[in-house]
Amino acid sequence: MKKSFLIFSTLLAIGSTGLNVNAQISQGGIPLSIRDKAMLGNIPVSKYASPDWEAFLASEKALTPEQKFSRPFIVALSAVTDFGFPQSGQMEVAGNGYRIWRGIISVENAPALGLAFDQYALPKGVQLFVTNENKKQIAGAFDASNNDPSGLFVIDAIQGDKVFVELNIAPGVNIDDIKLHIDKAIVYHRAIEHLKPYLIAGESTLDQYDSQLNGLSSVCMINAICATGDYVTNPRKATVQTLSIGAGGQVGLCSGTLVNNTGNTAGGTCKPYIATASHCELTGDTNNSSAKFAQLLVRFNFERPDCAGTGATNGLSMTGVNLIARSAFQSGWEQNVANIKGDFMLYELKNAIPAAYGAVLSGWKRQDADVQTTAAAGKKFYGFHHPVGDNKKMTSSSSVTSYSWPNQQPSPSGTRWLMQPTEGYASPGSSGSGLFDGDGYWTGVASVAGQVGSIPANCNNAAAGGTSQGPPMNAIFYQKMSHAWEYNENGIAGANSLKPFLDPANTGVSKINSVSATTCSAITSGGGTDGGGGVTINKVDDQLSANVSVFPNPNRDGNVQLQFNLKEATDMQITVVDVTGSVVYTTRLKGARSGVENLNLQNLANGLYVVKVATASGFTGKKLLLNR
């Protein structure tokens with residue numbers, strides 16, 4: 001890769017242009033060069049060739065709509081770079097003893113640039129800032145708190161074709177301890193509409209950016225905020241956008257859902273899991289130390305604040321996940337979607353989600369019997385997603401149908417939910433998104449989609465003008481949560497199902513509620529909160545343990561009595577689990593307060609079992625020995 005250096009003499013003034021701070025997790029602040037109006041006479045500029053986006057678009061046209069959907073939607077290509085500290089910049093000493101080091105990365109005609117670091121290790125006392133050319137967009141400060149054991153890092157899109165990289169180094173820091181090297185400049189052409197506020201009128205021709213900074217999806221898409229009902233807010237807040245650097249430096253985008261698990265407790269453990277599709281990483285990689293996971297970007301609230309879409313798109317992001325579980329995926333399966341049997345993947349964010357993000361961990365229903373396939377009057381099934389990387393959109397329907405896969409026939413025992421939206425459409429980039437029932441509970445992952453029947457001709461147009469960069473799709477197959485729960489057919493050995501991670505407490509519950517993604521505290525409204533009094537399992541309830549008993553124990557005939565005397569009436573979930581953790585019996589009592597419930601376990605083999613009792617306040621377990 002050819003690299004050249006140009007000499008710039010630049011006055012960095014904030015003047016009347018104003019400043020906008022990019023919202024990736026950082027310490028905030030303003031670079032010293034801007035605060036002190038420092039001026040380096042010679043800032044080195046490292047220039048790199050832009051990847052051939054037009055050639056990529058030509059290759060993309062060869063894909064069928066189904067093939068486009070069941071793979072990550074490519075939003076950026078990477079230029080190979082060799083930009084590092086100290087060789088690619090210049091140092092200046094400020095009056096307060098701080099040192100300012102700056103260099104510039106330039107990729108001609110790039111709409112936006114992200115930065116991928118193959119070396120990132122900053123000692124305490126060093127801050128990293130990244131700005132666009134007009135200084136309206138500031139990312140940072142990044143510092144030692146962003147160090148990862150992998151040594152990898154990534155910074156989200158910065159508007160424009162030049163990125164200013166700056167280190168502010170405190171007195172006493174040994175510069176030999178600074179490890180900083182960028183091996184890829186990510187050239188974004190899609191999923192950057194949130195950068196439009198950083199342009200300055202008159203500084204460039206705004207028209208040339210319209211195709212990148214406005215909607216590229218179908219004009220028939222509907223903004224997520226337009227969804228109606230008191231059960232849609234939490235599903236919308238739980239929906240995220242993921243961006244991963246794949247083969248050849250292509251950056252692929254999918255949608256995903258933040259999900260709750262039974263081990264989360266308010267004020268205690270609060271794991272932020274993300275459920276998406278396994279096809280969102282095409283190689284089937286199961287190596288958690290892979291760069292693609294350490295450098296995966298997750299965007300929150302990437303949506304318009306009003307239904308008309310007149311407000312600016314929000315953009316908040318985090319870097320780095322751990323791979324927790326996935327079904328198998330092999331390169332090439334995306335060419336024939338019938339190969340995709342299981343299609344789920346579970347990530348855990350490496351860091352806690354900031355409270356300011358307002359994110360939600362969605363509640364879920366894992367049993368088909370709990371999903372009312374025709375929503376109650378006034379309610380709908382919803383999907384929230386990011387078609388072709390656009391701001392968050394919605395689809396809805398009054399019903400879903402259980403389908404077998406891959407023969408695509410209606411079947412009560414099928415592994416897929418089929419939604420045929422009556423509002424909105426899906427498109428490439430929507431895959432991996434969640435299906436939410438009429439109560440706002442997550443119940444499936446978007447796996448495959450296509451076009452059935454006729455679609456209005458104007459829906460092939462993009463909101464920004466021209467043709468949509470992804471076809472509108474009106475038939476969406478979601479892998480059922482019930483199928484992924486105990487999948488165990490292929491994928492990561494011991495981690496090829498959702499159950500061990502979404503029910504680590506092994507409660508056997510079929511449903512849990514949505515909670516705050518930051519504290520895991522309860523949410524009382526907004527969807528997935530079961531205003532009807534369903535069971536949410538958060539913690540062991542010692543009081544409940546004292547108020548229930550199981551007898552006779554040992555039991556010699558399989559007729560087990562569960563006696564309970566509670567302080568107040570509550571719904572009660574009763575499950576019996578064998579020594580392997582499998583649920584062998586389940587029942588539910590509505591409004592239970594005091595009494596005896598007969599558990600007919602006559603069909604169970606002799607052995608040790610656990611009777612688990614769960615209410616909205618927690619759960620308890622009672623050991624039971626069957627010995628006939």
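The values are calculated or read from the model by the stated rules, or taken from the named source; none is laboratory data. Predicted model only: the values in this text are computed from it and were never measured. Reconstructed Cβ throughout: ideal geometry from the backbone, glycine too, with neighbour counts over all protein chains shown. Areas reflect the complete protein model, heavy atoms only, side chains present, ligands, DNA and RNA absent. Shrake-Rupley method; radii C 1.70, N 1.55, O 1.52, S 1.80 Å.
Numbers for the structure displayed
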read-out: Antiparallel content of DSSP bridges confined to region 18-170, in %, to 5; value: 80 percent
read-out: Sum of side-chain charges, Val610 neighbourhood, beta-carbon under 13 Å (Lys, Arg +1; Asp, Glu -1); value: +2
read-out: Protection proxy ranking, peptides 555-564, 595-604, average beta carbon neighbours within 10 Å, highest first; value: 555-564, 595-604
read-out: Inter-site label distance for Asn490 and Lys179 at 7 Å from Cα along Cβ, in nm; value: 3.7 nm
read-out: Over the chain, relative contact order from alpha-carbon pairs under 8 Å, at least 6 apart, %; value: 13 percent
read-out: Residues of type aspartates and glutamates that Lys184 reaches as a straight line, Cα spacing below 12 Å, ignoring anything fewer than 8 places off in the same chain; value: Asp82, Asp118
read-out: [x] 3, 12, 17, 19, 15, 11, 8, 7, 5, 3, 1, 0, 0; [y] 3, 16, 25, 23, 16, 10, 5, 2, 0; [z] 3, 16, 27, 28, 18, 7, 1, 0, with the label sought being that of the calculated P(r) over Cα pairs in 10 Å bins from 0, in percent; value: [y]
read-out: The chain, accessible area per residue, ligands and nucleic acids excluded (1.4 Å, Å²); value: 37 Å²
read-out: Reach of Lys179 by Cα under 26 Å, taken over lysines that are not fewer than 8 positions away in the same chain; value: Lys2, Lys3, Lys47, Lys124, Lys135, Lys162, Lys292, Lys350
read-out: Relative contact order %, region 291-387, counting alpha carbon pairs below 8 Å whose residues are six or more apart; value: 21 percent
read-out: Sulfur and carbon atoms: percent of accessible area, region 119-201 [1.4 Å]; value: 50 percent
read-out: Student exercise, the chain dipole from Lys, Arg, Asp, Glu Cβ charges, in Debye to nearest 20; value: 860 debye
read-out: Per-residue SASA entry for Cys307, accessible area with 1.4 Å probe, Å² rounded to 10; value: 80 Å²
read-out: Rounded percent of accessible protein surface that carbon and sulfur make up, region 241-316, 1.4 Å probe; value: 49 percent
read-out: Surface share of carbon and sulfur [accessible, 1.4 angstrom probe, percent] for region 482-531; value: 49 percent
read-out: Accessible area (Å², 1.4 Å probe, nearest 10) - Lys179; value: 100 Å²
read-out: Cα-Cα over 25 Å, subset of Lys68/Lys379; Lys271/Lys511; Lys271/Lys622; Lys393/Lys480; Lys237/Lys341; value: Lys68/Lys379; Lys271/Lys622; Lys237/Lys341
read-out: Length-normalised contact order of region 437-534 in % [C-alpha pairs under 8 Å, at least 6 apart]; value: 28 percent
read-out: Antiparallel bridges, percent of DSSP beta bridges restricted to the chain (to nearest 5); value: 90 percent
read-out: Listed peptides 439-450, 542-553 by packing density, highest first (mean Cβ within 10 Å); value: 439-450, 542-553
